[in-house]
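*Asks:* One structure follows; several queries about it will come next.
The values are calculated or read from the model by the stated rules, or taken from the named source; none is laboratory data. This is a predicted model, so every value here is computed, not measured. When we count neighbours, we look across all protein chains shown, and the Cβ atoms used for this are built from the backbone with ideal geometry, even at glycine.
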């Protein structure tokens, strides 16, 4: 039987560091380029950083929760890891691709696994014009901001902003307003995952806006383009009893 080759990534938390040391003694640990699977030890933040860091490799990632929430993680258990990996269920997700143009004319690109959000920078509400697939759908939205969320990220910031929870296999994205002032009743839209969303910032000098794609923030943007990234497929592995799809369904029935 071929020996399991794993790469290890751990947060600075004591629990994660202790698990890291024990796994190094139990298994053949190699670089991410050489590994069959990447083991992420930490919380959801560590998982997101791991997915971003190794996105180009296309290696599956199996997370074990050493943090607080751990929505994207499995339980922490070091024994029987090879058997757990063999029985794990894969979940494929696609990130979002953001292209942002700034006031200085700079063009910045970034990817987001959870969401791309546009947020006002000052006390003034943002004024945004929103187009979908080249058609203006909102001529003017006054708000604190707006976000586009993936199904995997729909239970994060999107849910806190009263956006919809999206099933993983639904092939849709959430376009969600953040504290809409005018039109007051507009809360967002559900779009097909092939949709191309463009956001133009109106009155940008008076009402500056920043764009955030997971860990990347771009200040003073003028125009932001968001669409699903067709170039990258990310694979997360879950114990059958901790399947991500089931967790997302359960979130819809939480009191």
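*Asks:* Filter region 236-250 for residues that are closer than 20 Å to residue 48 by Cα and either in contact with a helix residue (DSSP H, G or I) (Cβ under 7 Å, 6 or more places away or on another chain) or assigned by TED's automatic domain parsing to the domain that holds residue 154 (or both) and give the result.
*Replies:* Once the filter is applied, which keeps residues that are closer than 20 Å to residue 48 by Cα and either in contact with a helix residue (DSSP H, G or I) (Cβ under 7 Å, 6 or more places away or on another chain) or assigned by TED's automatic domain parsing to the domain that holds residue 154 (or both), region 236-250 yields 236, 237, 238, 239, 244, 245, 248.
*Asks:* Taking only region 219-255 into account, find how many residues are in contact with a strand residue (DSSP E or B) (Cβ under 6 Å, 6 or more places away or on another chain) and either assigned to a loop (DSSP other than H, G, I, E, B) or exposed (fewer than 13 other Cβ atoms within 10 Å of the Cβ) (or both).
*Replies:* 7
*Asks:* Test residue 216 against the criterion of being exposed (fewer than 14 other Cβ atoms within 10 Å of the Cβ) and closer than 18 Å to residue 153 by Cβ, and give yes or no.
*Replies:* no
*Asks:* Something else about it: Take residue 27 and decide whether it is in contact with a strand residue (DSSP E or B) (Cβ under 7 Å, 6 or more places away or on another chain) and over 18 Å from residue 235 (Cβ atoms).
*Replies:* Considered against the rule, which asks whether it is in contact with a strand residue (DSSP E or B) (Cβ under 7 Å, 6 or more places away or on another chain) and over 18 Å from residue 235 (Cβ atoms), residue 27 comes out as yes.
*Asks:* Which members of region 156-174 meet the condition of being assigned to a loop (DSSP other than H, G, I, E, B) and within 16 Å of residue 254 (Cβ to Cβ)?
*Replies:* Here is the first cut: in region 156-174, the ones assigned to a loop (DSSP other than H, G, I, E, B) are 156, 161-167, 171.
Matches in region 156-174: 156, 162, 163, 164, 165, 166, 167.
*Asks:* Any idea how many residues of region 1-16 are surrounded by fewer than 20 Cβ atoms within 10 Å (Cβ to Cβ) and either free of Cβ contacts under 8 Å to residues at least 12 places away in the same chain or part of a loop (DSSP other than H, G, I, E, B) (or both)?
*Replies:* Qualifying residue count for the region: 7.
*Asks:* So residue 195 clears everything in (1) surrounded by fewer than 16 Cβ atoms within 10 Å (Cβ to Cβ); (2) not in a helix (DSSP H, G or I) except one condition, right? Which one?
*Replies:* The single condition residue 195 does not satisfy is (1).
*Asks:* Mind telling me which of the residues 96, 76, 72, 57 ends up being in contact with a strand residue (DSSP E or B) (Cβ under 9 Å, 6 or more places away or on another chain) and either farther than 30 Å from residue 226 by Cβ or free of Cβ contacts under 8 Å to residues at least 24 places away in the same chain (or both)?
*Replies:* 76
*Asks:* Do we have residue 91 as in a strand (DSSP E or B), modelled with pLDDT under 95, touching a helix residue (DSSP H, G or I) at 6+ places or on another chain (Cβ under 7 Å) and within 27 Å of residue 168 (Cβ to Cβ) here?
*Replies:* Judged against the criteria, residue 91 is a match.
*Asks:* Whether any residue in region 73-81 is out of contact with any helix residue (DSSP H, G or I) (no Cβ under 8 Å at 6 or more places or on another chain), farther than 30 Å from residue 166 by Cβ and outside the structural domain of residue 171 (by TED's automatic domain parsing) is what I want to check.
*Replies:* yes
Per-residue answers, yes or no, for (1) free of Cβ contacts under 8 Å to residues at least 60 places away in the same chain; (2) farther than 28 Å from residue 251 by Cα:
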site: 113; (1), (2): no, no
site: 123; (1), (2): yes, yes
site: 130; (1), (2): no, yes
site: 139; (1), (2): yes, yes
site: 143; (1), (2): yes, no
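*Asks:* Filter region 23-38 down to residues that are surrounded by 12 or more Cβ atoms within 10 Å (Cβ to Cβ) and either without any contact (Cβ under 8 Å) to a residue 12 or more places away in the chain or more than 9 Å from residue 7 (Cα to Cα) (or both), then give me how many there are.
*Replies:* Adding up the residues that qualify gives 4.
*Asks:* Then there is this: Quick test for you: out of 145, 105, pick the one residue that is buried (at least 21 other Cβ atoms within 10 Å of the Cβ) and not in a helix (DSSP H, G or I).
*Replies:* Going through 145, 105 in turn, just one is buried (at least 21 other Cβ atoms within 10 Å of the Cβ) and not in a helix (DSSP H, G or I): 145.
*Asks:* Looking only at residues that are surrounded by fewer than 17 Cβ atoms within 10 Å (Cβ to Cβ) and closer than 19 Å to residue 252 by Cβ in region 175-192, which one is farthest from the chain's Cα centre (by Cα)?
*Replies:* 187
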